[in-house]
Ligand code: SF4
Ligand code: SF4
């Protein structure tokens, strides 16, 4: 039976491996130490699952218990194979009993956890069957999925009942015949008290029956798992190990595009190898994805944590990140037979985009990464979405017209708006401190090679052109000047980073922008960059490195907080005395790059902060990212910024502080929509700090 069960399991896994081999590699699997640490933290420590504390802790107990019981179950199988299990007269020791105290720990721990898991599974079943938990529903969940969840939980329930039944019968049998008990059984010792009036033979019969049932259930469950939603029992550890180790908001570089762009910029660059399969840009169907997408889809537990935190989904749009993952799995189930037979050229006339996932869902994503942050098994939904957007943009020219227009503007003017590139430095004109002293913003070109400033202040498109956002760059410049920071700007030599182009799927334009900027930055020998724009911060810090631009990039909140620590900005609070501020975490700064404390530290010297209920890594997106700022939102029941403004208004703060020009625009729109412009101000942290000093 063991051979048959293992044989079937090997067959299931071999099919999966064949599909994995067909798909492309997502990234190099370096950083073994970091990956093992991630497994220990995310899987071993169950840190992400415990973000939902009560039910998360229960799940963690079930997980830890399962690990221990798996060792005990392996021993049970070995006892069966060796025959020690069938001794009715206790003639032979159990296979692993020589381990002494370790054996006692495995058996005793398994005995206790069996009861905990039993109770936990009953609660899980009750939640699924009788409680209306919102995240367990959704159009992507079919009747089969609900049945599957109930079947898997029933399997686990029966496994625990048979384990405790076997242990209790064994203990009662040993006690009745005055034999030594091997291992410790804290729970079963109590249970054995209820069955002392059963004959020795019958106790041994119950023990063996439970043992057979338990072992057969293990074999059946193990072979059911690869075809069920509970496959994460096998897959979660490897999937966490294989997941991305980079910041969440860093998006990968398209190597096939890079080769073409390099050739456009330098005709002497090596020609791309076009002898293989025709290049397809982005992901139209499952075979265009990486094997990580496939493993992600197999690992998904359908828990719905991702969808429950998705701003698009919460505001009634069609997008559900869980559906994106399940669509991939279902499409692969449908197509894998043909792919394995005929290779990647196989076609059944259908595709992932169109037949499963719609363009409407894909364009509703703000790339906020709340889904990836919350996923307990480190699934990367935004990368799947981006790959499909890349296909829509690059192969089908099927982006929303406003996104196309913003990309065209970047191509023509170096900014997503129709402003002339020559006006990029206009924000710095006539800049004065409050007392009328002029502020001259230095240009990097004015410095000699041996006398470069410490920081390059990267202004970014929004803070260069948008009237309201310009106030951020103007106020931050005053702070730099006031604190005596050595800095300079690129002026009109700066052009858009390509952040918007990348997130819309236009990797060609992104790389063109990136190469142009890197050339300028490297020509000035820039090593340190400071910026007020978290989107550019992310792009410059995380994405330019793949294309040859390696810089130490900091956000203006980090520099302000450093200046405070160094006593270069001394405490003055008069301007905002008595005011309460609530701080909105920008996704690209917080969740994307884990900058949570610096903005708070920058503010805490001058104002008191009242946190929104959803803050830091749980903060709701403002709704601007992932091209949303430049297009109409998809159909829903409210705007994302409206929902986030409601969060802010609940704190009763007088000021909503932001640290991103896009968040600033959205939160201002929200305040306007709520008719609260008269009593609520939206200010960037640079404005609050500068105004505190009367700059
Ligand atoms: S990145 Fe944000 S908007 Fe996009 S699917 Fe994930 S949670 Fe939803
Ligand atoms: S993708 Fe992750 S968070 Fe979303 S349903 Fe699947 S396992 Fe849960």
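With N the number of residues in the stretch 402-565, Rg(Cα) / (2.2 N^0.38 Å) evaluates to 1.00. Normalising the average separation of contacting C-alpha pairs (under 8 angstrom, six or more residues apart) by the number of residues puts the relative contact order of the chain at 12 percent. Rounded to the nearest 10 degrees, the inclination of helix 143-176 to the longest alpha-carbon principal axis of the chain is 40 degrees. Based on alpha carbons, the Rg and Dmax found for the stretch 604-695 are 13.5, 44 Å. Distance distribution note for the stretch 383-489: the fraction of Cα pairs above 15 angstrom is 71%. Across the stretch 1-71, Cα-Cα pairs more than 19 Å apart make up 63 percent of the total. Debye-formula intensities of the chain, expressed as log10 I(q)/I(0) at q = 0.06, 0.10, 0.11 Å⁻¹, are -0.44, -0.99, -1.12 (one equal scatterer per alpha-carbon, no solvent). Taking a ≥ b ≥ c as the square roots of the eigenvalues of the Cα gyration tensor, the stretch 21-169 is classed as oblate, since a/c reaches at least 1.5 and a/b does not exceed b/c.
Calculated from the alpha-carbon coordinates, the stretch 303-389 shows an Rg and a Dmax of 13.9, 43 Å respectively.
Relative to the longest principal axis of the Cα atoms of the chain, the long axis of helix 255-265 lies at roughly 20 degrees.
Just subtract the alpha-carbon distance of residue 150 and residue 426 from 0.36 nm times their residue separation and send over the number in nm, one decimal. Let's see the in-between values first.
Values: separation 276, 0.36 × 276 = 99.36 nm, distance 6.35 nm.
Working it through step by step, the gained length comes to 93.0 nm.
In this simple spin-label model, placing a label point 7 Å from the Cα along the Cα-to-Cβ direction at both residue 418 and residue 17 gives a separation of 6.0 nm.
Each of residue 434 and residue 246 was given a label point 7 Å from its Cα along the Cα-to-Cβ line. The distance between the two points is 4.3 nm. The calculated FRET efficiency for residue 447 paired with residue 577, based on their beta-carbon distance and R0 = 41 Å, is about 0.55. In a fully extended conformation the segment linking residue 401 and residue 597 would gain 66.7 nm over its present Cα-Cα distance, using 0.36 nm per residue.
Between the beta carbons of residue 134 and residue 47, assuming R0 = 25 Å, the FRET efficiency works out to 0.60 to the nearest 0.05.
Angle of helix 101-130 to the longest C-alpha principal axis of the chain, folded into 0 to 90 degrees and rounded to 10: 70°. If R0 is taken as 51 Å, the Cβ-Cβ distance between residue 116 and residue 24 corresponds to a FRET efficiency of 0.75. Secondary-structure-derived ellipticity at 222 nm for the chain, considering helices only, amounts to -16000 deg cm²/dmol, per-run term -39500 (n - 2.57) for DSSP H runs with n ≥ 4.
Modelled this way, with points 7 Å down the Cα-to-C-beta line, the labels at residue 468 and residue 691 are 1.4 nm from one another.
Readers should treat all values here as calculations from the given coordinates under stated rules, not as data from a laboratory. Predicted model, so just to flag it, every value in this text is computed and none were measured. A quick note on method: Cβ atoms are made from the backbone with ideal geometry, for glycine too, and the neighbour counts reach across all protein chains shown.
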